[in-house]
Amino acid sequence: MAAERIDGKAIADEIKKEAAAEAAALKAQGIEPCLAVILVGNDSASQVYVNNKKKACEAVGIRSVSYTLDENAEESELLQLVDTLNLDSSVHGILVQLPLPEHMDETKVIVAISPEKDVDCFHPMNVGRLTSGLDGFLPCTPAGVIEILKRTGHDIAGKNCAIIGRSNLVGKPLALLMTRENATVTLCHSKTQNLAEVCRRADILVSAAGKAGLVTGDMVKDGAVVIDVGMNRNAEGKLCGDVVYDEAAEKASAVTPVPGGVGLMTVAMLMKNCIRAAKKVSGM
Ligand code: GUN
């Protein structure tokens, strides 16, 4: 039977609609949710991502203010801007698009963002809260993966979940969230032995390695749910994921496509975090 092609756009639209209702409720109380977006340099992929985030804000009813710093800007200029936004009570969320130019220290910049405004959930304080199971922001892409599974009716509890890629952005926090949802998690990486065998045991297989063609049909268990977090360019320059979609779809019960899958969820979950930040200010 053909695998379900999970429609990330439809799910992201649903979440943005919920966020829009919450934004309207906040506005009725005199609070206009606001996200500050900072882009340093002129990386074309980052420009696209930042524009998508600003467009989503507009659709949801969140005010966005954007700042673009020159590729050669001093790190101190960025830190100064973050500080100003930290102190601005009309700004509820601050997002510094990554990666930063090489001469800047990403950790230093992330730590400079007030944890209350860290809508990416990158600050060590928020990562610590997540690790300890405390209430707080959820990291956007990993939370998007969980929402996809829940909203398509795929149970997580008790399932074997293999995640390929141990980045701070996706793999590591997703392992935490999946564990919180009672999955049995195997976090795979470049040194994992017998990767295909480990993946074949997974009821839920998530690839976040950033390597086109990495996940082939022989790595997929019959009936598994395959979530592709990869964002790569193929030889023709077209956007593609880590998963060979057609091969995976022959074995899996459901697969997320790229584009049209997890990528749109990241932005939708960011909107949720902005609303959360604004609500916190108003004591809601
Ligand atoms: N670069 C790639 N993904 C992200 C993200 O989710 N947030 C930020 N700030 N930068 C990114």
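The values are calculated or read from the model by the stated rules, or taken from the named source; none is laboratory data. Note that the structure is predicted; figures quoted are calculated from it, not measured. Every residue, glycine among them, receives a Cβ derived from its backbone with ideal geometry; neighbour counts consider all protein chains shown. Surface accessibility is based on the protein's heavy atoms, side chains included, excluding ligands, DNA and RNA. Shrake-Rupley method; radii C 1.70, N 1.55, O 1.52, S 1.80 Å.
Share of antiparallel DSSP beta bridges in the chain, in percent to the nearest 5?
Working: 2 of 31 bridges.
Roughly 5 percent of the DSSP beta bridges within the chain come out antiparallel.
Which pairs, out of LYS9/LYS53; LYS9/LYS54; LYS54/LYS238; LYS159/LYS221, put more than 19 Å between their alpha-carbon atoms? Among LYS9/LYS53; LYS9/LYS54; LYS54/LYS238; LYS159/LYS221, the Cα-Cα distance tops 19 Å for LYS54/LYS238.
The value of relative contact order for segment 132-265, using C-alpha pairs under 8 Å at least six residues apart, is 21 percent. Once both labels are positioned 7 Å from their Cα atoms along Cα-to-Cβ, the gap between GLU106 and ASP218 label points is 3.3 nm.
A P(r) calculated from all alpha carbon pairs of the chain, with 10 Å bins opening at zero, reads 7, 28, 34, 23, 8, 1 percent.
Relative to the longest principal axis of the Cα atoms of the chain, the long axis of helix 75-87 makes an angle of roughly 70 degrees. Taking 0.36 nm per residue of sequence separation and removing the Cα-Cα distance, the LYS280/ALA10 pair yields an extension gain of 94.4 nm.
Loop-resident trypsin sites (Lys or Arg not before Pro) (DSSP state other than H, G, I, E or B) in segment 178-284 with no more than 12 further Cβ atoms inside 10 Å of their Cβ: LYS191, LYS238.
Of LYS117/LYS150; LYS27/LYS117; LYS16/LYS280; LYS150/LYS272; LYS108/LYS280; LYS117/LYS279, which pairs sit farther than 22 Å apart, going by alpha carbon to alpha carbon?
Working: LYS117/LYS150 27 Å; LYS27/LYS117 19 Å; LYS16/LYS280 19 Å; LYS150/LYS272 16 Å; LYS108/LYS280 25 Å; LYS117/LYS279 12 Å.
Beyond 22 Å between Cα atoms: LYS117/LYS150; LYS108/LYS280.
Averaged per residue, what accessible area in Å² does segment 1-145 show with a 1.4 Å probe, protein chains only?
Working: 7190 Å² over 145 residues.
Each residue of segment 1-145 exposes 50 Å² on average to a 1.4 Å probe.
Taking VAL258, VAL244, VAL225 in turn, the Gaussian network model of the chain (Cα-Cα springs below 10 Å) assigns the largest fluctuation to VAL244. For segment 67-145, the list of GluC sites (Glu not before Pro) that fall in a loop by DSSP and count at most 15 other C-beta atoms within 10 angstrom reads GLU71, GLU74, GLU102. Put simply, when 51-60, 166-175 are sorted by average Cβ atoms within 10 angstrom per residue, most first, you get 166-175, 51-60. Net charge near ASP7: determine it from the other residues with C-beta under 11 Å of the C-beta of ASP7, scoring Lys and Arg +1 and Asp and Glu -1. Residues close to ASP7 contribute a combined charge of 0. Extension gain, ALA235 to ASP83, is 50.5 nm, computed as 0.36 nm per intervening residue step minus the present C-alpha separation.
On the chain, 50 percent of the accessible area sits on carbon and sulfur atoms, based on a 1.4 Å probe.
Take every Cα pair under 8 Å in the chain that's 6+ residues apart, average their separations, divide by the length, and report that relative contact order as a whole percent. Can you show the working numbers first?
Details: 557 pairs, mean separation 65.7, N = 284.
So the answer I get is 23 percent.
Distance between the pseudo-spin-label points of ARG151 and SER132 (7 Å out from Cα toward the beta carbon): 3.1 nm.
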